[in-house]
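Before any comments, here is the structure.
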Amino acid sequence: MSADIIAVVGTLSGVLIGGLINYFASRSVKNHEWRLVLAREQSAVRHKIYAEFLVETQRLVTQAREEKISSLANLDLLNGKFAELSLVAPDRVLEAAKKSADYAITSHSAQPAKEVADFFKLKEMFIAVARQDIAATLNGKA
């Protein structure tokens, strides 16, 4: 009888230990998968916000070459995109965005508009820091 009890206890112990190992291994894998999904979602959100902001600054700069805005309400879309960007972007991206937004806004008040080459430098700087931020987000460093 004691040999049977020892065999049953041994089997139950093995099953219990195996179950615990499986539980913790599965939990670790699920946590890792969850972090990857979260990083991808954050990256996609940032990508969308950064792209929309860039499109709006480009639109305003291009518009300034043809005609100046007649109302500050025309800047609402840019202000909204900048506000969205401010919620998710780190400081280095925010600084580049400020410079681009400032250029887009002042291009409507300055006569004549500043050189387009200046905007392209600002745009390239914004794109570079935005790419770094998106890559850092995907790598879990943001």
On the basis of being part of a helix (DSSP H, G or I), in contact with a Gly (Cβ under 9 Å, 6 or more places away or on another chain), free of Cβ contacts under 8 Å to residues at least 12 places away in the same chain and closer than 30 Å to ASN139 by Cβ, does LEU94 make the cut? no
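Might you let me know whether the range 8-27 holds any residue that is in contact (Cβ under 8 Å) with a residue 12 or more places away in the chain, aromatic (Phe, Trp, Tyr) and in a helix (DSSP H, G or I)?
Our first condition is that a residue be in contact (Cβ under 8 Å) with a residue 12 or more places away in the chain; within the range 8-27, this holds for none.
Looking for residues that are in contact (Cβ under 8 Å) with a residue 12 or more places away in the chain, aromatic (Phe, Trp, Tyr) and in a helix (DSSP H, G or I), one finds none in the range 8-27, hence no.
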Per-region count, the range 58-70, residues among the small types (Gly, Ala, Ser) and outside any loop (DSSP other than H, G, I, E, B): 1
Residues in the range 34-44: is at least one of a type in the set (Lys, Arg), modelled with pLDDT of 80 or more and over 17 Å from ARG131 (Cα atoms)? yes
Within the range 76-97, residues being more than 15 Å from the chain's Cα centre (by Cα) and surrounded by fewer than 17 Cβ atoms within 10 Å (Cβ to Cβ) number 5
Only residues that are modelled with pLDDT under 90 and charged (D, E, K, R): list them for the range 103-142, please. LYS114, GLU115, ASP118, LYS141
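What are the residues in the range 78-91 that are in a helix (DSSP H, G or I) and touching a residue at least 40 places away in the same chain (Cβ under 8 Å), if any?
Residue satisfying the conditions is VAL88 alone.
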What do you reckon, is ALA73 free of Cβ contacts under 8 Å to residues at least 40 places away in the same chain, in a helix (DSSP H, G or I) and exposed (fewer than 10 other Cβ atoms within 10 Å of the Cβ)? yes
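The values are calculated or read from the model by the stated rules, or taken from the named source; none is laboratory data. Owing to the predicted nature of the structure, the values given are computational and were not obtained by experimental measurement. Cβ: placed from backbone, ideal geometry, glycine included. Neighbour counts: every protein chain shown.
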